[in-house]
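Each value in this text was obtained by applying a stated rule to the coordinates, not by laboratory testing. Only a predicted model underlies this, so the values are computations on that prediction, with no experimental measurement involved. With ideal geometry, Cβ positions are generated from the backbone for all residues, glycine too; neighbour counts draw on all protein chains shown.
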2 protein chains.
Amino acid sequence: MRLLLMLLMCALSLTAHAQGSQPVSSTSAPDHFGFGAEMMTLKNGLQVVVIPNHRVPVVTHMVWYKVGGADEAMGQSGSAHYLEHLMFKGTQTQAPGEFSKMVKTLGGNDNAFTGHDYTAYFQSISAEHLEKLMAMEADRMTGLSPPESHFESEKKVVIEERRQRTDNDPRNVFGEQMHSALFVNHPYGRPIIGWMDEMNRYQWPDIKKFYDTWYAPNNAVVVISGDVTLDSIRDMVKRTYGAVPSKSVPMRTRPTVPPANGMTSLTLRDKSVEQPSVEMLMIAPSFRQNKKEALALQLLENIMDGGAATRLYKNLVVDQKKAVTINFGYQGMAYDYGFLSLSATPAEGVALDDLVQLLQNQFRQVISSGITQQELDEAVSRLQDSAIFARDSVAGPAMLFGQALTTGSSVADLENWHRDIEKITTDDIIHVARIYANPDQFYIRPPVIGYLLPLEETPEKTP
Amino acid sequence: MRLLLMLLMCALSLTAHAQGSQPVSSTSAPDHFGFGAEMMTLKNGLQVVVIPNHRVPVVTHMVWYKVGGADEAMGQSGSAHYLEHLMFKGTQTQAPGEFSKMVKTLGGNDNAFTGHDYTAYFQSISAEHLEKLMAMEADRMTGLSPPESHFESEKKVVIEERRQRTDNDPRNVFGEQMHSALFVNHPYGRPIIGWMDEMNRYQWPDIKKFYDTWYAPNNAVVVISGDVTLDSIRDMVKRTYGAVPSKSVPMRTRPTVPPANGMTSLTLRDKSVEQPSVEMLMIAPSFRQNKKEALALQLLENIMDGGAATRLYKNLVVDQKKAVTINFGYQGMAYDYGFLSLSATPAEGVALDDLVQLLQNQFRQVISSGITQQELDEAVSRLQDSAIFARDSVAGPAMLFGQALTTGSSVADLENWHRDIEKITTDDIIHVARIYANPDQFYIRPPVIGYLLPLEETPEKTP
């Protein structure tokens, strides 16, 4: 749930790291689990998912394109995100800004966000206005034509966005450099917002080519959650989206992260950092790459860092008082690789490298001594509870389905998640800990270890 | 000269690091300096350079294409080099292997090599057979069609080449990982030989597309040195190469290395490493990016590491006995960025990080106290002497011109090098040291610092 909320916040703030920021956390099975999602595919290839929720008379309407920052040409980083901004700057039939103005007039609100593997546009609105929205979204699926003045002024907007959110925040600069050190030879290593030098050189013909290549009904998923049923919207979907012709869209390709045996570390000092912290980043499989292992990693995450009573926090923060904060996260909702991240802030007087050892020992412990069935059962319960909670919102499930369907998972994967996660055993969890979170072995490349430090601080020894 | 010899050795061994391994080291001015190069451009755009040298009755004939590893699509690393291999596997009129067999029959020898910015094919042969060679080279400029069996077997050859030269040698693995850590978001960060996983997936349609896109007379330079003049070969060039039609070739593009302020270090331990060593890699301008600074960097290189009597060796190896070997090199012959590399092996009992400090202090010394006019004069003389020596070979000048013309330098740049390098002042050298080799400031990104260690060795503190 923590993660789902994070994703929703990311979405609303157009974050540069929406990608992979959210594992599947929904469920299926009896009444209180499944989403009851309904699905159809139009003749032009558009996938439509409806998630009925009749508690409130509103809907969340989202269009997800199966394209994102990882699909950009080298040298054009951030253009998927920049295109997302330009999508609000007019088509052959809509004036610049008209889209959002109309949504507001209809009493709704709208926004959009970009990930490495998807770009999504969404509105929350009263159900009666749904067809109007669909017509407008269908229109900008093919007819984008921002005036040149808007093209240039919006370039300044995204550049300013980068300056504010990344360059002015050393934690984000650090995160960006950590990811680029881990994802060598891979677009997941570049920021979704783009590298500044490349943002300064955006040209409309390149962006237009990207749009023409990837924006098509057969490369999109429409997700509607709220006070609707598939039957109630079927005809309007056909009247609006159904009129957009399909076209040939290339296969998404992702290069391979080359194996390496050298240990990379990154040290960033900044005057605005007050407390030193350390982070380790490791490559791990995504749901699409290995669903069973992804489920086990989701549980490993929760067993290690599922609240104050779980291993990392309880042992190192509460009992041993070696750390002030610890985060261990698994991001598996990606079309290509997922990753694990382990970070911590030491308690007063604890050396960073000693803390690294202590953190690693927690994983060595899991690998050598295993986990208890009770720990596993509790983690399953916590995840299922979060999922039920998440299911009750209107936007949450729509986010989940959009992200799943654009990163290679299916409606069934989400509907069955509750049953699937119960099948994971303690051995499965030890197995993924041994392969992907093992301090004494590595998968593809050793972890990238990063130190974010105040100006005067020096790590004792590294690595 | 050391560098020129290195380049020639690289060439003959199809090295994965031909790129940038050679600064301009030739001269112009009076008799004993200039190359007396003659140049023409055919109607189809082919550039032809002739460097007469009548001391021996042989010629070196080279075709240089303005395309290399840095022009590959992401995910297809090594395909420029693989294509270079396939160029010997037959055309519509030549059987696989016939090219080299014919060269041998004519008493010559041939080979080829690939860099990040160029791909070159060369033969050394008696001048009388030149037209035959040209006809064969012109033929494979458009008609490549290797049989499928050769495509597959040659894939095994390049994969084995990678295994032998890179994967079995920790120094090369280390170099590869150092470059990929420095050249973030840039194709200079990937190995020319290719990443193994991507090599395993080569498909003929992709390679063919690369060939069709880039191999054209208007994207090539023919360099002939030896017992010929432009007049003596003009007609045969027209009869052979002149018949190949020109075509539209894309502009070469290179992405930008994004600025970063985090300090990256790489530690590689391997059982076959006997002595620990340390290396620092820094981005610096190439000749094409800034000719004056490139000349100053060439001199800085020579002042710091131009023999046993120059700063690094004399101070740290001979006088202080802190290091066993030291190398400082500048590689500026690139279409995009150049780089500086500083590496050393400590003397018995000297900690690696202490050696790093001592090395850096040598540069701090230059920046704060400058260099003497005598040091500069001696470096200019040494470089000019090497250039004269290099000029006297047959293959050397051809290499130099090919590399220069495919990385954005001109014939005039080489012919005037002797005069240009004499114009560099001690202030110019301090300036480039301060910007590009300054331990307390950095250009674009901090240096990547790498530790290559025996299995049991641990660096004292890093970074």
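Can you tell me the FRET efficiency between A:Glu348 and A:Gln441 if r is taken as the Cβ-Cβ distance and R0 is 30 Å, rounded to the nearest 0.05?
Taking R0 as 30 Å, the efficiency between A:Glu348 and A:Gln441 is 0.35.
Express the C-alpha Rg of the stretch B:2-243 as a ratio against the empirical globular expectation 2.2 N^0.38 Å, rounded to two decimals.
Scaled against compact globular proteins, the figure is 1.02.
How far, in degrees from 0 to 90, does helix B:426-436 lean away from the longest principal axis of the Cα atoms of chain B, to the nearest 10?
On a 0 to 90 degree scale, this one is about 90.
Give me A:Phe210, A:Phe174 ranked fewest to most by other Cβ atoms within 10 Å of their Cβ, as a rough exposure proxy. Walk me through the numbers on the way to the answer.
Details: A:Phe210 19, A:Phe174 24.
Final ranking by Cβ density, sparse to dense: A:Phe210, A:Phe174.
Under a 5 Å amide H to amide H cut-off, with H placed in plane at 1.01 Å, what residues pair with A:Asn109 once short-range neighbours are removed?
For A:Asn109, the qualifying residues are A:Ser124.
Rg(Cα) of the protein assembly as shown divided by 2.2 N^0.38 Å?
Against the empirical 2.2 N^0.38 Å value, I get 1.03 for the protein assembly as shown.
Separation between the B:Leu455 and A:Ala73 pseudo-spin-labels, each 7 Å from Cα along Cα→Cβ, expressed in nm?
Going by the 7 Å Cα→Cβ label model, 4.9 nm.
Can you tell me the FRET efficiency between B:Asn361 and B:Asn261 if r is taken as the Cβ-Cβ distance and R0 is 30 Å, rounded to the nearest 0.05?
Between B:Asn361 and B:Asn261 the formula returns 0.85.
Could you state the angle between the C-alpha long axis of helix A:130-140 and the longest principal axis of the C-alpha atoms of chain A, as a value from 0 to 90 degrees rounded to the nearest 10?
80 degrees
So, in nm, how far is label A:Gln275 from label A:Gln373 when the simple model puts each one 7 Å beyond its Cα toward the Cβ?
So the label points at A:Gln275 and A:Gln373 sit 3.9 nm apart.
I'd like the per residue volume of the convex hull spanned by the Cα atoms of the stretch B:265-453, given in cubic angstrom.
Per-residue hull volume (Cα only) is 131 Å³.
Can you run phi through the Karplus equation (6.51, -1.76, 1.60; θ = phi - 60°) for the stretch B:195-203 and list ³J(HN,Hα) in whole Hz, with x for Gly and Pro?
Whole-Hz 3J(HN,Hα) from phi for the stretch B:195-203: 7, 3, 4, 6, 5, 5, 10, 4, 10.
Taking neighbour Cβ counts within 10 Å as the exposure measure, how do A:Ser409, B:Ser145, A:Ser77 sort from fewest upward?
B:Ser145, A:Ser409, A:Ser77
Which of the peptides A:411-419, B:61-69, A:88-96, A:335-343 is most tightly packed, and how do the rest follow, judged by the mean count of other Cβ atoms within 10 Å per residue?
Most protected by this proxy first, the peptides run B:61-69, A:335-343, A:411-419, A:88-96.
Relative to the longest principal axis of the C-alpha atoms of chain A, give the angle of the C-alpha long axis of helix A:148-162, reported between 0 and 90° and rounded to the nearest 10°.
Long axis of A:148-162 versus the principal axis of chain A: about 20 degrees.
With bins 20 Å wide starting at 0, give me the P(r) of chain B over every alpha carbon pair, in whole percents.
P(r) for chain B, in whole percents per bin: 24, 55, 20, 0.
How far, in nm to one decimal, is B:Thr425 from itself in the other copies if the label point is set 7 angstrom along Cα toward Cβ? Shortest first, please.
Result, one decimal in nm: 7.9.
Give me, ordered by chain and number, the residues 5 or more places off B:Val228 or on other chains with an amide H under 5 Å from its own placed amide H.
B:Asn53
What is the Cα centroid distance between the stretch B:143-168 and the stretch B:57-91, reported in whole angstrom?
13 Å
For each pair in A:Lys321/B:Lys271; B:Lys209/B:Lys292; A:Lys89/A:Lys132; B:Lys66/B:Lys291, compute the distance between the two Cα atoms and list the pairs where it is over 28 Å.
Correct reply: A:Lys321/B:Lys271; B:Lys209/B:Lys292.
Return the calculated 222 nm mean residue ellipticity for chain B, to the nearest 500 deg cm²/dmol, obtained by summing -39500 (n - 2.57) across DSSP H runs with n ≥ 4 and dividing by the residue count.
-11500 deg cm²/dmol
Label position 7 Å from Cα toward Cβ: report the copy-to-copy distances for A:Lys247 in nm, one decimal, ordered from shortest.
2.5
Near the amide H of A:Ser77, under 5 Å away, which other amide H atoms are found, from residues 5 or more places off or on another chain, if H is placed in the peptide plane?
Long-range HN contacts for A:Ser77: A:Trp195.
If you put a point 7 Å past Cα along the Cβ direction, how far is that point for A:Ser145 from the same point in each other copy, in nm, smallest first?
4.5
For an R0 of 22 angstrom, estimate the FRET efficiency from the Cβ-Cβ distance between A:Trp204 and B:Lys247 and round to the nearest 0.05.
0.25
Please list 3J(HN,Hα) in residue order for the stretch A:183-192, calculated via the Karplus relation 6.51 cos²θ - 1.76 cosθ + 1.60 where θ = phi - 60°; whole Hz, with x for glycine and proline.
These are the phi-based 3J(HN,Hα) values: 8, 5, 6, 9, x, 5, x, 10, x, 4 Hz.
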